[in-house]
1. Of the residues that make up the range 55-66, is at least one at pLDDT 90 or above, surrounded by 15 or more Cβ atoms within 10 Å (Cβ to Cβ), within 22 Å of Ala162 (Cα to Cα) and touching a Leu at 6+ places or on another chain (Cβ under 8 Å)?
2. Among the residues of the range 124-177, what is the count of those that are over 18 Å from Val38 (Cα atoms), of a type in the set (Lys, Arg) and in contact with a helix residue (DSSP H, G or I) (Cβ under 9 Å, 6 or more places away or on another chain)?
3. Specify the residue that is farthest from Lys78 (Cα to Cα); the eligible residues are those in the range 1-45 that are among the basic types (Lys, Arg) and surrounded by fewer than 21 Cβ atoms within 10 Å (Cβ to Cβ).
4. With the range 1-90 as the region, which helices (runs of 4 or more DSSP H) entirely inside it contain at least 3 residues that are of a type in the set (Val, Ile, Thr)?
5. So if I check each of Ser106, Ser168, Ser131, which one is at pLDDT below 70, outside the structural domain of Leu69 (by TED's automatic domain parsing) and of a type in the set (Ser, Thr, Tyr)?
6. Would you be able to say whether some residue in the range 46-54 is at pLDDT 90 or above and surrounded by fewer than 16 Cβ atoms within 10 Å (Cβ to Cβ)?
7. Do we find a residue being surrounded by fewer than 19 Cβ atoms within 10 Å (Cβ to Cβ), in contact with a helix residue (DSSP H, G or I) (Cβ under 9 Å, 6 or more places away or on another chain), in the same structural domain as Lys126 (by TED's automatic domain parsing) and at pLDDT 80 or above anywhere in the range 187-197?
8. Of the residues Ala49, Ala23, which is touching a Gly at 6+ places or on another chain (Cβ under 9 Å) and not acidic (Asp, Glu)?
Amino acid sequence: MNLQVEQALVDLKSGKPEEVGRALETLQGIVYGFGMKVCGTPEDAEDTAQETLIRLARELKEFPNARALAVWLYKVAKTQCLMSRRKSKFAPAQMLALDALMPKGSGTSAPQVKSWEITPEEIALKKELRSKLEDAILALPKHYRLVLILRDMEQLDTREVAEVMGISEKTTKMRLHRARVFLRNALEGYVQGSRCSKAEHHG
């Protein structure tokens, strides 16, 4: 993500129409992806991306570095997305695929096992586990979910997350720890339940 923002900042500073256009397209993609993770609907994510880019164009100022641009971008996108969520009914209308939640190039989507070595039962379990993880992420209170997404999925560092959220680094670490524990507990309960049901089935 940082490399994309760095290149976008270079393009913005060039002042050349085609490069500025490319930079805005890159930043819009980043904000849209973030909006999908937080808002949960394409409509809200699209609104968030558009509003953030409008503000960027209107308030275009000198960003000293890519870090400053990234913090500004996520701060505005976070506010816009939460406003969009207030306008929407309740929970997201659709669940996100876990792959969409993870940073590109992180290697998380690459299968560790050859596909022909996975039984149909294991495939079904994997899909169910992914669904449980998506449920657990969306079940997090928004401030915990935001910290988790910014730190673990958008790969901002603790200081950057704290700036975006407007909280201290200590509070950021505390919320991140609690969010991770919540997810771990949610998944452990599911995995243990699956093992018990399988044992009963085979017994």
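1. Yes.
2. Selection size over the range 124-177: 3.
3. Among residues in the range 1-45 that are among the basic types (Lys, Arg) and surrounded by fewer than 21 Cβ atoms within 10 Å (Cβ to Cβ), the one farthest from Lys78 (Cα to Cα) is Lys16.
4. Values: elements: 2-14, 17-39, 42-58, 66-87.
The helices (runs of 4 or more DSSP H) meeting that bar are 17-39, 42-58, 66-87.
5. After ruling out the rest, the residue left standing is Ser106.
6. Scanning the range 46-54, I find at least one residue that is at pLDDT 90 or above and surrounded by fewer than 16 Cβ atoms within 10 Å (Cβ to Cβ), so the answer is yes.
7. Among the residues of the range 187-197, at least one is surrounded by fewer than 19 Cβ atoms within 10 Å (Cβ to Cβ), in contact with a helix residue (DSSP H, G or I) (Cβ under 9 Å, 6 or more places away or on another chain), in the same structural domain as Lys126 (by TED's automatic domain parsing) and at pLDDT 80 or above, which makes the answer yes.
8. Ala49
The values are calculated or read from the model by the stated rules, or taken from the named source; none is laboratory data. Since the model is a prediction, treat every value here as computed from it, not as a measurement. In this analysis, Cβ positions are derived from the backbone assuming ideal geometry, glycine residues included, and neighbour counts consider all displayed protein chains.
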